[in-house]
Each structure stands twice: as C-alpha cells, then as structure tokens.
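Working notes for the structure below.
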Amino acid sequence: MSGIIAPYITAWSAEQDLPCALVERSDHSIGYANELLSDRDRHGVLWRQTALRHRVGRPEFARVHPSRQRRAMELLLCQVCGEPADRNDDGVLWLQRDCRDDWPQWPDGMASAEPPVCVPCVPIARRMCPALQRGAVTVRVRDCPVVGVRGVFYRQSVLAPTAAKAGNFAYDDPAVRRVLASALIRELRGCVIVPLEEVSGTMTRSLSR
Ligand SMILES: [Zn+2]
C-alpha cells in the first residue's frame, strides 16, 4: 500500500481529454461526430473521452479520470488502490467528508460520485485528501444503486451543442440525453456511520493475522 502516490481514480498529466467534436443528433440528443459504441454507457449516455495512460507524467489531484471513476463505481472498487472495496454484512465501506449537520439521516439518500474504499486505504485517503482532513467519517452502505451521472449539460446552439451547466443528472431525467458524463453516481441508502477507530481496529486485526 505504501507504493500509492495518487488515488486510482486520479487523472495523470498524460491523460488529457481527447478532442471529440460534439454534434446534434436527430432525436435531440448529443453525440460525437465520429462516435464509437464504447463512447456511451449501457443507458445510452455519452461519456467524456480521456486518454488512458495511467501513471504517466504527474498525478493531477484535482482531476478524476472518467473511465477509472466509472470502473471503480460500477464494480465497487476502492477509489485509492483499485482493488475491491471493503464489504461486510452491514454493507460496502465509504469514506466521506463529515457533513452530519446537513440533514438528520445524513448520508442516507445522498448521491455520491466518490467510489468506496477498502480498509487499509482509509488512512491513506485521509492523508491525501485535504477535504477529508477537516473531518471524515466511515459509513457502511447497505444499498447503493447506480442512479445517474455527473456531467455537463449541453444546450442547442446554431453551430454545435454548447456547454450550459454542470451537475448531477438521473438516468430517468430526459435532460441526460444532452449530458456529457464524467462520473458515475450511486445513491447511498441504508447507511450506518461507523467510528473510524472501529474500522481501523478491523485493519489491525487483519494485519496481525
Ligand atoms: Zn484500497
């Protein structure tokens, strides 16, 4: 684990967005001028295409690689090491910035673009992410359906579709057909907040075995 210098989902400097021209399609959705089947997900939503050159150049911590984020979220892999996230009878393990003041049952019902984590990576993630250093909680999530994407909505314009607003879009929202997706979103349900010490405790035990 000590070899990790950047989270699995972080984009590297050699991984820039590919120049794909957006076009209007006859069904009022957006598409690429030269589109491949793999440019869309199984819901038919168009994805931002970014070069895949993992660990080439420098990690750019402010950028998440769309296809690694999507893979980690789809397969419930740890966002730090890319191995399967931790799971027990109470659910999959998530590490979140502490926002318990947001609403009484937080984070139940929250839409998350952050993939889960494995136990050994909890302290690594806390060290690497400035937002988590201000307060983090570990959460067991019993049910986490894929509900939509984070991306940019493109409005119709004379020459080519024009970026209008970024946000989260549910797969059942008709607007999603005009979204260029960059992250997959799951909704966190059946959440139980677990003390960090309890999670680290299981790690200590597993390491001493
Ligand atoms: Zn991990």
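The values are calculated or read from the model by the stated rules, or taken from the named source; none is laboratory data. These numbers come from a predicted model, not from an experiment. Here the Cβ positions follow ideal geometry from the backbone for every residue, glycine too, while neighbour counts run over all protein chains shown. Surface areas here come from the heavy atoms of the whole protein model, side chains and all, with no ligands, DNA or RNA. Shrake-Rupley method; radii C 1.70, N 1.55, O 1.52, S 1.80 Å.
Things to note:
- Unique residue being at negative phi and loosely packed, with under 14 Cβ neighbours inside 10 Å when the list is Arg63, Arg58, Arg53, Arg70: Arg58
- Meets criteria (farther than 17 Å from Val137 by Cβ, touching a Leu at 6+ places or on another chain (Cβ under 6 Å) and open to solvent by 20 Å² or more (accessible area, probe 1.4 Å)) for Arg48: yes
- Any strands (runs of 3 or more DSSP E) falling wholly within the stretch 102-209 and containing at least 1 residues that are without any contact (Cβ under 8 Å) to a residue 24 or more places away in the chain: 146-155, 162-170
- Of all the residues in the stretch 1-34, those that are among the hydroxyl-bearing types (Ser, Thr, Tyr), within 16 Å of the ligand (Cβ to nearest atom) and open to solvent by less than 20 Å² (accessible area, probe 1.4 Å) number 1.
- Matching residues, the stretch 104-158, being within 13 Å of the ligand (Cβ to nearest atom), out of contact with any helix residue (DSSP H, G or I) (no Cβ under 7 Å at 6 or more places or on another chain) and among the small types (Gly, Ala, Ser): none
- Just one of (1) touching a Phe, Trp or Tyr at 6+ places or on another chain (Cβ under 6 Å); (2) open to solvent by 20 Å² or more (accessible area, probe 1.4 Å) fails for Gly82. It is (2).
- The stretch 21-77, residues that are touching a residue at least 40 places away in the same chain (Cβ under 8 Å), farther than 27 Å from Val117 by Cβ and not in a strand (DSSP E or B): Ala21, Asp27, His28, Ser29, Gly44
- Within the stretch 94-103, one or more residues are open to solvent by 10 Å² or more (accessible area, probe 1.4 Å), modelled with pLDDT under 95 and within 16 Å of the ligand (Cβ to nearest atom).
- Qualifying residue in the stretch 160-177 (condition: away from the ligand (no atom under 16 Å from the Cβ), among the aromatic types (Phe, Trp, Tyr) and open to solvent by less than 20 Å² (accessible area, probe 1.4 Å)): yes
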